[in-house]
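Written out below as structure tokens is the structure these notes cover.
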Amino acid sequence: MNLDATLNADLHCHSVVSDGTLTPEALVERAKAGGVQLWSLTDHDEIGGQQRAIDAARAAGLAYLTGTEISVSFAGRVVHIVGLGFDHESPEMIEGLRATRGGREPRAREMAASLARVGIHGAFEGALQYVGNPDLISRTHFARFLVEAGHCTDVPDVFRRYLTDGKPGFVPHKWAALKDAVGWITRAGGIAVIAHPGRYDFTPTEEYALITEFIGHGGRGIEVVTGSHTAAEFVQYADTALEFGLLASRGSDFHCPEESRIDLGALPPLAGRLTPVWAALEDRIHHRA
Ligand code: AMP
Ligand code: MN
Ligand code: MN
Ligand code: MN
């Protein structure tokens, strides 16, 4: 396996262990069918699915990097940090993620109370019906319930009308600190990557602050080709990666066959001028062919 920019690496997706709808085993099959050559399961704030992903990838003959996507509070906004190639048995990381997840249930109860005030009742119990991991109730599970109950037409419609800053159902939350998330990943032997930088609506000054602080804490990568970026952003963030000397990553952010725009393995490749994050993780790849 040649670890250059042309590799079909898909290093960002979600299973039932967070807010995806497929099992780790079903995702392996889908990744194989989509032509993925190197895969990572990156559940939100949770690495409980990693051993299943490693085992299923081994059985399917698919090269695998451990993964997670950590929710971080930065400059009053939520930023996602993807971790790749870390030791998934790292006690520090397991404990840090457990603490990060801890606030989700009280937050979900507050979200339901807020929705009840605008006439939407039973949202906590409704969202729970979609939850695969009781430790990880997410806005996505609320969105699926609101669609099913007929309050909205689809998941993006829910996020437009509810569940985002300033809308009923949104509850501000304090997530992990940037320094901690990057530290857990790095000290467990992995590489920290800024997820979908084009999604944060930062000013150039805020984005500069995020990237420089991230690098200061030991972060080394940035997503360039992701299901969350436009084609123009593939080019923009390729420039950003080069400007800051960051390793480039690629991943669909696949959640669900019905909801996700981009399937596993279906994105364009990274530009050849970039250094892919997987080239720096050669020793961390499980069952490389
Ligand atoms: P949470 O971690 O509970 O705040 O939920 C965040 C998740 O909601 C993200 O990982 C996405 O899967 C989903 N999400 C956030 N914004 C949107 C949006 N505008 N449209 C669809 N899904 C979204
Ligand atoms: Mn998600
Ligand atoms: Mn994300
Ligand atoms: Mn994601």
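The values are calculated or read from the model by the stated rules, or taken from the named source; none is laboratory data. The model shown is predicted, which means the values in this text are computed figures rather than measured ones. A quick note on method: Cβ atoms are made from the backbone with ideal geometry, for glycine too, and the neighbour counts reach across all protein chains shown. The protein model used for the area step is the full one, side chains on, heavy atoms only, and it has no ligands, DNA or RNA in it. Shrake-Rupley method; radii C 1.70, N 1.55, O 1.52, S 1.80 Å.
Would you mind calculating the relative contact order of the chain from Cα pairs under 8 angstrom and at least 6 residues apart, reporting the percent as a whole number?
Relative contact order, the chain: 25 percent.
Helix-derived [θ] at 222 nm for the chain: sum -39500 (n - 2.57) over DSSP H runs of at least 4, divide by residue count, nearest 500? Could the numbers behind the result be given before it?
Details: 10 runs with 106 residues, N = 289.
Calculated at 222 nm, the ellipticity per residue is -11000 deg cm²/dmol.
Excluding ligands and nucleic acids, what accessible area in Å² is computed for I215 using a 1.4 Å probe, to the nearest 10?
60 Å²
Towards the positive end of the charge dipole of the chain, with charges on Cβ (+1 Lys, Arg; -1 Asp, Glu), say which of L97, I54, L41 has the farthest Cα.
So the residue we want is L97.
Using a 1.4 Å probe over the heavy atoms of the protein chains, calculate the carbon and sulfur portion of the accessible area of the stretch 161-213 as a whole percent. Let's see the in-between values first.
Working: 1320 of 2530 Å².
Of all accessible area on the stretch 161-213, carbon and sulfur atoms account for 52 percent.
Normalise the Cα radius of gyration of the stretch 119-272 by 2.2 N^0.38 Å (N = residues in it) and let me know the number.
For the stretch 119-272, the normalised Cα radius of gyration comes out at 1.18.
From largest accessible area down, sort T240, T23; use a 1.4 Å probe on the protein chains. It would help to have the intermediate numbers written out before the result.
Working: T240 10, T23 50 Å².
The ordering from most to least exposed comes out as T23, T240.
Quick one: what does P(r) look like for the stretch 104-161 with 10 Å bins over all Cα pairs, in whole %?
Result returned by the calculation: 26, 60, 13.
What's the local net charge at I191, with K and R +1, D and E -1, over the other residues with C-beta under 15 Å away? Working shown, then result.
Numbers: positive: R187, R220, R250, R284; negative: E69, D87, E223, E282, D283.
Cβ neighbours under 15 Å give a net charge of -1.
If you take every DSSP beta bridge whose two residues both sit in the chain, what share of them, in percent to the nearest 5, is antiparallel?
Antiparallel: roughly 45 percent of the beta bridges in the chain.
Along the charge dipole of the stretch 104-161, which of G119, A149, Y130 sits closest to the positive end, that is, farthest toward it, with unit charges on the beta carbon of Lys, Arg, Asp and Glu (+1, +1, -1, -1)?
G119
Under the √(5λ) rule applied to the eigenvalues of the Cα gyration tensor, what semi-axes describe the equivalent ellipsoid of the stretch 173-224? Give them in Å, descending.
Rounded to whole Å, the semi-axes are 19, 12, 10.
What is the sum of charges around E69, taking Lys and Arg as +1, Asp and Glu as -1, for the other residues whose C-beta is under 13 Å from the C-beta of E69? Please report the intermediate quantities before stating the final value.
On the way: positive: R101, R199; negative: D19, D43, D45, E46, E223, D253.
That works out to -4.
Could you rank the peptides 226-232, 148-154 by their average count of other C-beta atoms within 10 Å per residue, with the highest value first?
Highest-to-lowest ranking by the protection proxy: 226-232, 148-154.
So which GluC sites (Glu not before Pro) in the stretch 204-289 pass both tests, a DSSP loop state and at most 10 other Cβ atoms within 10 Å of the Cβ?
For GluC sites (Glu not before Pro) across the stretch 204-289 that sit outside H, G, I, E and B with at most 10 neighbouring Cβ atoms in 10 Å, the list reads E258.
Run a plain Debye calculation on the chain (Cα atoms as equal point scatterers, no solvent) and give log10 I(q)/I(0) at q = 0.11, 0.14 Å⁻¹, rounded to two decimals, same order as the q list.
Cα-only, vacuum Debye calculation for the chain: -0.60, -1.00.
Skip the ligands, DNA and RNA, and give the accessible area per residue of the stretch 83-138 with a 1.4 Å probe, whole Å². It would help to have the intermediate numbers written out before the result.
Numbers: 2640 Å² over 56 residues.
So the stretch 83-138 comes to 47 Å² accessible per residue, rounded to a whole number.
Taking K and R as +1 and D and E as -1, what net charge do the other residues with C-beta under 13 Å from the C-beta of L3 add up to?
0
Could you derive backbone 3J(HN,Hα) for the stretch 118-134 from the dihedral phi with the Karplus parameters 6.51, -1.76 and 1.60 (θ = phi - 60°), listing whole Hz in sequence and x where the residue is Gly or Pro?
Those phi angles translate into 9, x, 9, 9, x, 6, 5, 5, x, 5, 4, 4, 9, 7, x, 9, x Hz.
With +1 on each Lys and Arg Cβ and -1 on each Asp and Glu Cβ, how big is the dipole of the stretch 104-161 about its Cα centre, in debye rounded to the nearest 20?
Details: 8 positive and 7 negative charges, 43 e Å.
Dipole about the Cα centre, nearest 20: 200 debye.
Of the candidates D165, D135, D87, which one comes out as most mobile in a Gaussian network treatment of the chain with C-alpha springs shorter than 10 Å?
So, out of D165, D135, D87, the one fluctuating most is D165.
Determine the dipole magnitude for the chain: charges of +1 sit on the beta-carbon of Lys and Arg, -1 on that of Asp and Glu, nothing else is charged, the reference point is the Cα centre, and the result goes in debye to the nearest 20.
In total the dipole reaches around 280 debye.
Over all distinct Cα pairs, what is the inverse of the mean 1/r for the stretch 1-144, reported as the Kirkwood hydrodynamic radius in Å? Display every interim value, and only then the final one.
On the way: mean 1/r = 0.0613 Å⁻¹.
The Cα-based Kirkwood calculation yields 16.3 Å.
For the stretch 85-146, state which trypsin sites (Lys or Arg not before Pro) are in a DSSP loop and have at most 11 other beta carbons lying within 10 Å of their beta carbon.
R117
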